[in-house]
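Contents: one structure, followed by commentary.
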Amino acid sequence: MKVIHLAYSDYIGGASIAANRIHLSLLEENIDSKIWVDAPSKKISKLNKFNSSLEKMYKIIRLFLVFPLLKLIKTDIPIHHSISILSSQWHKKINNSDADVVNIHWVQREMISIKDISKIKKPIVWTLHDMWAFCGAEHYTNDNRWREGYNSNNRPSYESGIDLNQWTWRRKKKYWKNPIQIITPSKWLANCVQESKLMSNWPVSVIPYPLNIKFFKPMDKKIARNQLKVPLDIPLILFGAIGGVKDYRKGFDLLVSSLEHLKNDSKTKKFQLVVFGQEEPKSPPKLGFLVHYVGYLNNDISLRLIYNSADAMIVPSRQDNLPNTCLEAQACGVPIVAFNTGGLSDIIEHKKTGYLAKAFDTKDLANGITYVLDQIDTKKLGKNARQKALEKYLPKTIAEKYKSIYERVLK
């Protein structure tokens, strides 16, 4: 069986990293798997014969043509949008290949158009990493248009200008006539697919992301903290995301609100906060707790150190699918405190591997931080977290599940 994974990149962003890990898990099980990307790492670029200098220039031109169009929609909520309107050569290369199955992943930034996806003649499996496939142009949204269909009567009040979401959704409806086998990493996203107007009759299966649990594992906390030059003798809680505190969806402002509940509480165990994913701001917020900004971590060794330095990881996301950071932290034996939203309930077992707070209740999130820090000495939550990772994210298990889906699609 020969499989091609089509993804924007193999290393930029969580979806790209997850796609590459799925590809590598298949290779480990002797499945002929390749990953074709627009933005390759150095390792992939040696193998990818399609990323010529001419195509790179063409890609930049395509993106500059689209940027003005994206400004036609006005929104008060910062949401990433993709209209996927410009054609590329990817569908032709796929159709001319010897692949048995094509596994689509996150393919935005005008990598392949909505129309071109319909031109792929190979059997398709589509792994969703966010909500874009069944929404309009938005990648995440809190409104119900994706459930009802995008019409002029249900546009949210926070949007104005040209309705790019309706226009994008209608193009999907026009070109995607034949149902595609969908895979989602979380039960929440699978439920969204089944509730959507566009894909409610499409087959969907839930398969979590694979993780190298031999690499992401518990290590001596003192060694990790010495390497990172953070305090040895005080509890540390961790927050991290690509884009750091600037990404509205990741909810750093909700974490700040939670810390407000704790800073004057004499019963709260003293702790400090470690933030990764961005450099220290010029005017950092005063949170009432000492904050260590460790910047961008561009390799797995640094990530393993940061997880193992922490006593708890805080994930105050408003929306999330199955964040790689949570899986990695859990495999390192770190309890996670998060809101009960999206795919986070797939990862965290309340008061067993961490704490699931009521959605967006910052007081309850503060309770979760206190609860986990009070359990540090027992180490029970961390051991349970590690065990959950061993049970759910083994690459061999995930590869077998993907292989089963591919075989079903080929039949």
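Is it true that L297 is surrounded by 24 or more Cβ atoms within 10 Å (Cβ to Cβ) and of a type outside the set (D, E)? The answer is no for L297. The residue that is surrounded by the fewest Cβ atoms within 10 Å (Cβ to Cβ), among those in region 70-85 that are modelled with pLDDT of 85 or more and among the aliphatic types (A, V, I, L, M), is I85. The single condition among (1) touching a Ser or Thr at 6+ places or on another chain (Cβ under 6 Å); (2) within 15 Å of R249 (Cα to Cα); (3) touching a residue at least 24 places away in the same chain (Cβ under 8 Å) that A338 does not meet is (1).
Please pick out the residue among I213, I180, I237 that is surrounded by 17 or more Cβ atoms within 10 Å (Cβ to Cβ), in contact with a helix residue (DSSP H, G or I) (Cβ under 7 Å, 6 or more places away or on another chain) and within 30 Å of E400 (Cβ to Cβ). Before the answer, list the steps.
On the way: I180 fails: in contact with a helix residue (DSSP H, G or I) (Cβ under 7 Å, 6 or more places away or on another chain); I237 fails: within 30 Å of E400 (Cβ to Cβ).
It is I213.
Somewhere in region 249-264, is a residue within 29 Å of L394 (Cβ to Cβ) and polar (S, T, N, Q)? So far as region 249-264 goes, no, none of its residues is within 29 Å of L394 (Cβ to Cβ) and polar (S, T, N, Q).
The residues listed here are D265, D253; of these, the one that is in the same structural domain as D364 (by TED's automatic domain parsing) and closer than 15 Å to L373 by Cβ is D265. Within region 319-375, the residues that satisfy the criterion of being under 24 Å from L394 (Cβ atoms), among the small types (G, A, S) and in a loop (DSSP other than H, G, I, E, B) are G333, G342, G343.
Does R62 fit the bill of being modelled with pLDDT under 95, within 15 Å of Y8 (Cα to Cα) and assigned to a loop (DSSP other than H, G, I, E, B)? Taking the combined requirement at face value, the residue does not satisfy it. In region 105-150, the qualifying residues are those that are under 18 Å from the mean Cα position of the chain (by Cα) and not in a loop (DSSP other than H, G, I, E, B), and the one that is surrounded by the fewest Cβ atoms within 10 Å (Cβ to Cβ) is W126.
Residue under question is S186, and the condition is that it be hydroxyl-bearing (S, T, Y), touching a residue at least 12 places away in the same chain (Cβ under 8 Å) and surrounded by 19 or more Cβ atoms within 10 Å (Cβ to Cβ); does it hold? Show your work before the answer.
On the way: hydroxyl-bearing (S, T, Y): yes; touching a residue at least 12 places away in the same chain (Cβ under 8 Å): yes; surrounded by 19 or more Cβ atoms within 10 Å (Cβ to Cβ): yes.
Yes.
No other residue among F339, F289 is hydrophobic (A, V, I, L, M, F, W, C), assigned by TED's automatic domain parsing to the domain that holds K363 and either more than 24 Å from N367 (Cα to Cα) or crowded, with 16+ Cβ neighbours inside 10 Å (or both) apart from F339.
Scanning region 279-296 for residues that are over 22 Å from H261 (Cβ atoms) and either touching a helix residue (DSSP H, G or I) at 6+ places or on another chain (Cβ under 7 Å) or among the charged types (D, E, K, R) (or both) returns E279, E280, K282, V294.
Kindly evaluate L259 against the criterion of being out of contact with any Ser or Thr (no Cβ under 6 Å at 6 or more places or on another chain), at pLDDT 90 or above and not hydroxyl-bearing (S, T, Y). Even if it seems obvious, please write down each step before you answer.
Working: out of contact with any Ser or Thr (no Cβ under 6 Å at 6 or more places or on another chain): yes; at pLDDT 90 or above: yes; not hydroxyl-bearing (S, T, Y): yes.
Yes: the conditions hold for L259.
The values are calculated or read from the model by the stated rules, or taken from the named source; none is laboratory data. Note that the structure is a prediction, hence the values are computed from the model and not measured. When we count neighbours, we look across all protein chains shown, and the Cβ atoms used for this are built from the backbone with ideal geometry, even at glycine.
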